[in-house]
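Novice: Sharing a structure, written as structure tokens. Questions coming.
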Amino acid sequence: MQTAPLNELIWQIVASIPEGKVATYGQIATLAGYPNHARYVGTTLKKLPKDTGLPWHRVVNARGESSFPKGSDAYKRQMERLEAEGVIFRNGRLSFSRYGIEQRP
DNA sequence: CAAATGACGGTGC
DNA sequence: GGCACCGCCATTT
């Protein structure tokens with residue numbers, strides 16, 4: 001276990017993402033207090049158990065799209081989940097101005 | 001111990 | 001607006 005507060009912190013941030021919104025890996029890392037740990041966030045999520053219950057589908061890369069290869073199972077699953085929450089994908093991408101956690105009027 | 005990998009980000013053209 | 005290269009960190013081989 002070696003105590004992994006960073007891991008739990010990341011899970012907390014992901015779980016804190018409002019429904020119908022999304023966040024980038026770098027954003028989560030920054031919120032966690034580690035600006036350049038974007039990669040680590042993805043690596044951590046990958047290690048998550050499948051029964052984690054964590055809404056990882058609300059996490060996307062800086063491009064505003066899924067980080068999985070198109071046509072992959074996880075890719076479709078994530079997109080479907082987001083659509084179910086009101087997130088509209090445009091050409092496989094979404095608008096951060098509308099779904100980004102950065103609250104904007 | 002060193003090199004390679006990976007659910008990434010930012011800048012340049 | 002899209003494509004390409006470099007940089008970042010932690011984990012794995």
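The values are calculated or read from the model by the stated rules, or taken from the named source; none is laboratory data. Since the model is a prediction, treat every value here as computed from it, not as a measurement. All Cβ positions, glycine included, derive from the backbone under ideal geometry; neighbour counts span all protein chains shown.
Novice: Going through the range A:1-50 one residue at a time, which ones are of a type in the set (D, E, K, R) and over 20 Å from residue A:67 (Cα atoms)?
Specialist: First pass over the range A:1-50, keeping only residues of a type in the set (D, E, K, R): A:8, A:19, A:21, A:39, A:46-47, A:50.
Answer for the range A:1-50, where residues must be of a type in the set (D, E, K, R) and over 20 Å from residue A:67 (Cα atoms): just A:8.
Novice: Could you list all residues from the range A:17-62 that are closer than 22 Å to residue A:80 by Cβ, small (Gly, Ala, Ser) and more than 8 Å from DNA strand B (Cβ to nearest atom)?
Specialist: A:20, A:23, A:53
Novice: Now, a different point. Within the bounds of the range A:48-59, is there any residue that is within 22 Å of residue A:95 (Cβ to Cβ) and free of Cβ contacts under 8 Å to residues at least 24 places away in the same chain?
Specialist: Our first condition is that a residue be within 22 Å of residue A:95 (Cβ to Cβ); within the range A:48-59, this holds for A:55-59.
Applying the additional criterion that residues be free of Cβ contacts under 8 Å to residues at least 24 places away in the same chain yields none.
Within the range A:48-59, none of the residues are within 22 Å of residue A:95 (Cβ to Cβ) and free of Cβ contacts under 8 Å to residues at least 24 places away in the same chain.
Novice: Exactly one condition in (1) at pLDDT below 95; (2) within 21 Å of residue A:99 (Cβ to Cβ); (3) crowded, with 17+ Cβ neighbours inside 10 Å; (4) not aromatic (Phe, Trp, Tyr) is false for residue A:74; which is it?
Specialist: (3)
Novice: Suppose the filter is within 12 Å of DNA strand C (Cβ to nearest atom), outside any loop (DSSP other than H, G, I, E, B) and within 13 Å of the chain's Cα centre (by Cα); does residue A:75 pass it? It would help to see each step written out before you state the result.
Specialist: On the way: within 12 Å of DNA strand C (Cβ to nearest atom): no; outside any loop (DSSP other than H, G, I, E, B): yes; within 13 Å of the chain's Cα centre (by Cα): yes.
So residue A:75 fails the test.
Novice: A further question follows. Of the conditions (1) at pLDDT below 95; (2) in a loop (DSSP other than H, G, I, E, B), residue A:87 fails just one. Which one is it?
Specialist: (1)
Novice: Being in contact with a strand residue (DSSP E or B) (Cβ under 6 Å, 6 or more places away or on another chain) and among the charged types (D, E, K, R) is true for just one of A:58, A:98. Which residue is that? So that I can check it myself, show each step before the final result.
Specialist: Details: A:98 fails: in contact with a strand residue (DSSP E or B) (Cβ under 6 Å, 6 or more places away or on another chain).
One residue alone meets the criteria, A:58.
Novice: Can you pull out the residues in the range A:19-47 that are outside any helix (DSSP H, G or I) and under 13 Å from the mean Cα position of the chain (by Cα)?
Specialist: Here is the first cut: in the range A:19-47, the residues outside any helix (DSSP H, G or I) are A:19-24, A:33-37, A:47.
Listed by number, the residues that qualify are A:19, A:20, A:21, A:22, A:23, A:24.
Novice: Consider residue A:66 against the criteria (1) surrounded by 14 or more Cβ atoms within 10 Å (Cβ to Cβ); (2) of a type in the set (Gly, Ala, Ser); (3) touching a Leu at 6+ places or on another chain (Cβ under 7 Å): it satisfies all of them except one. Which criterion is unmet?
Specialist: Of everything listed in (1) surrounded by 14 or more Cβ atoms within 10 Å (Cβ to Cβ); (2) of a type in the set (Gly, Ala, Ser); (3) touching a Leu at 6+ places or on another chain (Cβ under 7 Å), residue A:66 misses just condition (3).
Novice: Taking the residues in the range A:1-43 that are of a type in the set (Ser, Thr, Tyr) and under 23 Å from residue A:96 (Cα atoms) as candidates, determine which candidate is surrounded by the fewest Cβ atoms within 10 Å (Cβ to Cβ).
Specialist: Filtering first and then ranking leaves A:43.
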